[in-house]
Amino acid sequence: ALISGEDAVRAADLRRTAALAIAGVSAEAEMRITRIAASDLRKDATLLTDTLRAAGFFPGPRLVLVDEATDGLAPAFAAALDGWQPGDGRMIVTAGTLPRGSALRKLFEGHRTAVSITLY
């Protein structure tokens, strides 16, 4: 899921709600949530795909959170979405305001297993 919009607080609240729905209340304590900084993803585009595929110690859905994503990261997200298999982790991506023609927004809006939410 991609959550974008100019209000970072609303985006963070929606991300928190979605994370609870996907991974559950004990996910943080069970180390099933991984945070990746956008700057780290710029340095190593395979980091996202590798993290989504990593097996966790605790059972239950795994979740990867990426904040402050930009259009420059669209190829890394495309690779992760296209390579996703059942059993892999899920991801929630937040971004600032993305215009209608944004590569990142187009990727999530047009992908069969992804969703894009824009907050106004």
query = Which of Gly87, Gly72, Thr49 sits closest to the plus end of the dipole of the chain, meaning its Cα is farthest towards the positive end, when Lys and Arg get +1 and Asp and Glu get -1 on the C-beta?
reply = Gly87
inquiry  = I need to check one value: relative contact order of region 8-117, counting alpha carbon pairs closer than 8 Å and at least 6 residues apart, in percent.
reply    = 26 percent
task = State which stretch of the chain is the longest one without any exposed GluC sites (Glu not before Pro), exposure meaning a DSSP loop state and at most 14 other Cβ atoms within 10 Å.
result = 29-120
task = Please identify, among Thr97, Thr17, Thr70, the residue showing maximal mean-square fluctuation in a Gaussian network model of the chain using a 10 angstrom Cα cutoff.
result = Thr17
inquiry  = If exposed means no more than 12 neighbouring beta carbons inside 10 Å and the site is in a DSSP loop, what's the longest run of the chain without any exposed trypsin sites (Lys or Arg not before Pro)?
reply    = 1-99
ask   = Among Pro59, Pro75, Pro86, which one moves the most in a GNM of the chain with springs linking Cα atoms closer than 10 Å?
value = Pro86
Prolate/oblate/rounded call for region 51-119, Cα gyration tensor, a/c under 1.5 rounded = prolate
message = Quick check on region 1-79: take the gyration tensor over C-alpha atoms, sort the square-rooted eigenvalues as a ≥ b ≥ c, and tell me if it's rounded (a/c under 1.5), prolate or oblate.
response = oblate
inquiry  = Quick check: the distance between the Cα centres of region 87-120 and region 28-52, to the nearest angstrom?
reply    = 17 Å
query = When ligands, DNA and RNA are left out and all protein chains stay put, how many square angstrom of accessible area per residue does region 74-117 have with a 1.4 Å probe?
reply = 51 Å²
request  = Can you tell me the dipole magnitude for region 1-82 around its Cα centre, using point charges on the Cβ only (Lys, Arg +1; Asp, Glu -1), in Debye to the nearest 20?
outcome  = 240 debye
request  = Quick one: what are the phi-derived ³J(HN,Hα) couplings along region 45-56, Karplus 6.51/-1.76/1.60 with θ = phi - 60°, whole Hz, x for glycine and proline?
outcome  = 5, 7, 4, 5, 4, 4, 5, 5, 8, 4, 7, x
key: Computed [θ] at 222 nm, deg cm²/dmol, the chain (DSSP H ≥ 4; -39,500 (n - 2.57); rounded to nearest 500)   = -11500 deg cm²/dmol
remark   = Among Gly101, Gly87, Gly24, the residue with the largest mean-square fluctuation in a Gaussian network model of the chain built from Cα contacts under 10 Å is Gly101
note = Contact order relative to length for region 56-106, counting C-alpha pairs under 8 Å separated by 6 or more residues, stands in percent at 49 percent
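The values are calculated or read from the model by the stated rules, or taken from the named source; none is laboratory data. Not measured: the values here are computed from a predicted model. Positions of Cβ are backbone-derived with ideal geometry, glycine not excepted, and every protein chain shown enters the neighbour counts. To get the accessible areas, we keep the full protein, side chains included, count just its heavy atoms, and leave off ligands, DNA and RNA. Shrake-Rupley method; radii C 1.70, N 1.55, O 1.52, S 1.80 Å.
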